[in-house]
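Quick notes on the structure that follows.
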Amino acid sequence: MKYQRVLLKISGESLSGSEAYGINKEALHFYASEIKTAYNLGLQIGVVIGGGNIFRGVQGAAQGHDRIQGDYMGMLATVINSMALESELQSINVKAVVLSGLAIDPLCEKMSSQRAIEYLKNDYVVIMGGGTGNPFFTTDSTGALRALEIKADLLLKGTRVDGVYNKDPEKHNDAVKFNTLTFNEAYDKGLNIMDLTAFTLCKENNLPIVVFNMNQKDNLSKILKGEKIGTLISN
């Protein structure tokens, strides 16, 4: 197996499926099933989910909420999504646990690197909610930070497109896909892959990223088996 421990980052909006907001049961089951297929390969899997299907701090600020308060509300939204995924994974016989950047006793334990790694070694899928526990950081930054904390071999960013393009493929028919990129190439081309904080964390710590279509069945497990799916970004 090419990878032993990975961090999967998926957006909160992906859990809403065909609905405008909230958690769609079919979408939740699909993602849990995809994680289970990868889990059955014998890998250690950490997961970070966004909260945009429930509340997004930046949007809240635009609507008049205090940015800091809005970000904390967004962090709580990620905990709700994390608990939903935990429950769905457990229902299909996958051991799962939620750790949170925010201390929320008795719902979930506080995130720590040591605790997360211990759970991973004991065959749990570790879902890390609550953001970084601090305002002004996106869940992309959380994904990069948590990947480094658990010493992951790879950060997987699941999206609804099949990789990184030179422009939005949903708006431009002539968009060109990159199969591989270096971090510097991505910087130079101004590609919007992750926010700069997350991207810089990965570059400086030599953590490769694969951006791929999470909505395509078996893509996750194919990547973990070494198939060239999506776009690989590395130094």
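Observations
- Top-ranked residue in region 141-164 [being open to solvent by 20 Å² or more (accessible area, probe 1.4 Å) and modelled with pLDDT of 95 or more; ranked as nearest to Leu224 (Cα to Cα)]: Asp153
- Residue in region 186-200 that is at pLDDT 95 or above, among the aliphatic types (A, V, I, L, M) and closer than 24 Å to Glu227 by Cα present: no
- Any hit, region 1-17, residues being among the basic types (Lys, Arg) and over 30 Å from Lys228 (Cβ atoms): no
- Residues in region 82-112 that are more than 22 Å from Leu148 (Cβ to Cβ) and assigned to a helix (DSSP H, G or I): Met83, Ala84, Glu86, Ser87, Glu88, Leu89, Gln90, Ser91.
- If the condition is being in contact (Cβ under 8 Å) with a residue 24 or more places away in the chain and either assigned to a helix (DSSP H, G or I) or of a type in the set (Gly, Ala, Ser) (or both), then region 188-218 contributes Thr197, Ala198, Phe199, Leu201, Cys202, Lys203.
- Subset of region 1-44 (residues that are among the β-branched types (Val, Ile, Thr) and buried (at least 17 other Cβ atoms within 10 Å of the Cβ)): Val6, Ile10, Ile23, Ile35
- Residue pairs whose Cβ atoms lie under 6 Å apart, separated by 6 or more positions or on different chains, with the first residue in region 78-92 and free of Cβ contacts under 8 Å to residues at least 12 places away in the same chain and the second surrounded by 19 or more Cβ atoms within 10 Å (Cβ to Cβ), are Gln90/Ala96.
- Index of the failed condition, Gly51 passing every other in (1) open to solvent by 20 Å² or more (accessible area, probe 1.4 Å); (2) not in a strand (DSSP E or B); (3) not hydrophobic (A, V, I, L, M, F, W, C): (1)
- First in region 128-153 and in a loop (DSSP other than H, G, I, E, B), second anywhere and open to solvent by 10 Å² or more (accessible area, probe 1.4 Å) and among the β-branched types (Val, Ile, Thr), Cβ under 6 Å, 6 or more apart: Pro135/Ile68; Ile150/Ile117
- Residue match in region 213-233 (condition: surrounded by 13 or more Cβ atoms within 10 Å (Cβ to Cβ) and closer than 24 Å to Met111 by Cα): no
The values are calculated or read from the model by the stated rules, or taken from the named source; none is laboratory data. This is a predicted model, so every value here is computed, not measured. Note: ideal-geometry Cβ built from the backbone for every residue, glycine included; neighbour counts use all protein chains shown. Surface accessibility is based on the protein's heavy atoms, side chains included, excluding ligands, DNA and RNA. Shrake-Rupley method; radii C 1.70, N 1.55, O 1.52, S 1.80 Å.
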